[in-house]
Amino acid sequence: MEYVRLNNGTSMPYLGTGTNTYGKENNAYAGDLNGDFSALESAIEMGYRLIDTAISYRNEEGVGKTVKKSGIPREEFYLTTKIPPQEEYTKDKETVRQILDQSLSNLQTDYIDLYLIHKPIEDENRLRAVWEVMEEYVGKGKIKTIGVSNFTEQDLNKLDEFATIKPAVNQIKSNPVEWNNEWIRTMLERDIRPQAWGPMKTTEKQRSVLSEIGEGYGKSWAQVLLRYQTQRGIVVIPKSHDPENQKANLESLDFLLSDEDMKKSLVCKIN
Ligand SMILES: NC(=O)c1ccc[n+]([C@@H]2O[C@H](COP(=O)([O-])OP(=O)(O)OC[C@H]3O[C@@H](n4cnc5c(N)ncnc54)[C@H](OP(=O)(O)O)[C@@H]3O)[C@@H](O)[C@H]2O)c1
């Protein structure tokens, strides 16, 4: 596994697994919980250690149980979860503490590697309450790293006004349909690590451009796409229910794209 160093001196794997449909009927995001975490079991068995969940996925508990059941030492994992922005979760500091404690309990762990604010919180008092409690939990060793998700530059500037700990990560959408490159460049300049959600979204044309590039390396379009992102400093969390795709995604880390192919991958932006 390749690791990237964050602005707080810790490291995170460059590639992890998303989980937003794990443990659910028909592998559907809004499906009823059915306790089927076989996709996560297979990912862990294959070597995935970064696992991305969220309170809004309703599956923290199943993720925690599956991680525990693997028998692999806790410190080998990198667990990420997220607090939703809605008032019910963020109305005051005591509520936020309860939410964070619930995540710790659901994930059956003494600490969470990365805790994110899932989406921008417009109300400045609530944003401040959440961030200050997250900082408090870093101080207590219950969270190692704190960050945000779906934040714009303006959202980050708002946080900067009072944050004593700078966010280490901003998890945003990035894929060939919408790379979000300008924002990614700014984040890298500000030393905030971009992490790409929804990384596999592609058009048929884009897959064909990526497949062509992959031919020279014996790699698929998906592997070229993931390698393109990690090679330019973006952490990826593809999600798959298919063990073959999970394996292929992991194996995107065992080759390097030439400078020319890096440029071509970006060009696959054309639909
Ligand atoms: N912060 C946020 O607001 C936010 C929003 C959305 C998602 N997320 C996180 O990001 C994770 C990833 O995003 P996502 O689940 O929406 O979408 P995704 O990972 O971009 O795409 C998942 C789809 O890609 C397919 N796939 C995966 N690997 C493949 C491969 N090697 N070849 C061909 N197809 C492949 C999967 O099909 P198979 O199952 O058949 O392989 C599945 O249909 C989520 O699970 C969640 O943890 C965060």
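The values are calculated or read from the model by the stated rules, or taken from the named source; none is laboratory data. Given the structure is predicted, the values throughout are model-derived calculations rather than measurements. Cβ atoms come from the backbone with ideal geometry, glycine included; neighbour counts cover every protein chain shown. We work out accessible area using only protein heavy atoms, side chains counted, and drop any ligands, DNA or RNA first. Shrake-Rupley method; radii C 1.70, N 1.55, O 1.52, S 1.80 Å.
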Q) Of the residues that make up the stretch 137-151, is at least one farther than 18 Å from R232 by Cα, in contact with a Ser or Thr (Cβ under 6 Å, 6 or more places away or on another chain) and within 16 Å of the ligand (Cβ to nearest atom)? A) yes
Q: Please specify each residue of the stretch 18-66 satisfying the condition of being in contact with a strand residue (DSSP E or B) (Cβ under 7 Å, 6 or more places away or on another chain), more than 10 Å from the ligand (Cβ to nearest atom) and touching a residue at least 60 places away in the same chain (Cβ under 8 Å).
A: A43, Y48, L50, I55
Q) Which one is most open to solvent (accessible area, probe 1.4 Å) among residues in the stretch 180-233 that are within 11 Å of the ligand (Cβ to nearest atom) and part of a loop (DSSP other than H, G, I, E, B)? A) K201
Q: Would you check which residues across the stretch 205-253 are within 16 Å of L266 (Cβ to Cβ), hydrophobic (A, V, I, L, M, F, W, C) and out of contact with any helix residue (DSSP H, G or I) (no Cβ under 6 Å at 6 or more places or on another chain) and list them?
A: V209, I234
**Q.** Residues of the stretch 238-271 that turn out to be within 30 Å of E41 (Cβ to Cβ) and of a type in the set (G, A, S), as a count
**A.** 3
Q) Can you name the number of the only condition in (1) open to solvent by 60 Å² or more (accessible area, probe 1.4 Å); (2) outside any loop (DSSP other than H, G, I, E, B); (3) within 16 Å of the ligand (Cβ to nearest atom) that K82 fails? A) (1)
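How many of the residues in the stretch 23-76 are assigned to a loop (DSSP other than H, G, I, E, B), closer than 26 Å to E2 by Cα and either in contact with a Ser or Thr (Cβ under 8 Å, 6 or more places away or on another chain) or among the hydrophobic types (A, V, I, L, M, F, W, C) (or both)?
Adding up the residues that qualify gives 5.
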Q) Can you pull out the residues in the stretch 234-269 that are more than 11 Å from the ligand (Cβ to nearest atom), at pLDDT 95 or above and touching a Ser or Thr at 6+ places or on another chain (Cβ under 9 Å)? A) I234, L253, L257
Q: For residues that are within 18 Å of V4 (Cβ to Cβ), over 11 Å from the mean Cα position of the chain (by Cα) and not basic (K, R), scanning just the stretch 152-179, find the one that is nearest to the ligand (Cβ to nearest atom).
A: S174
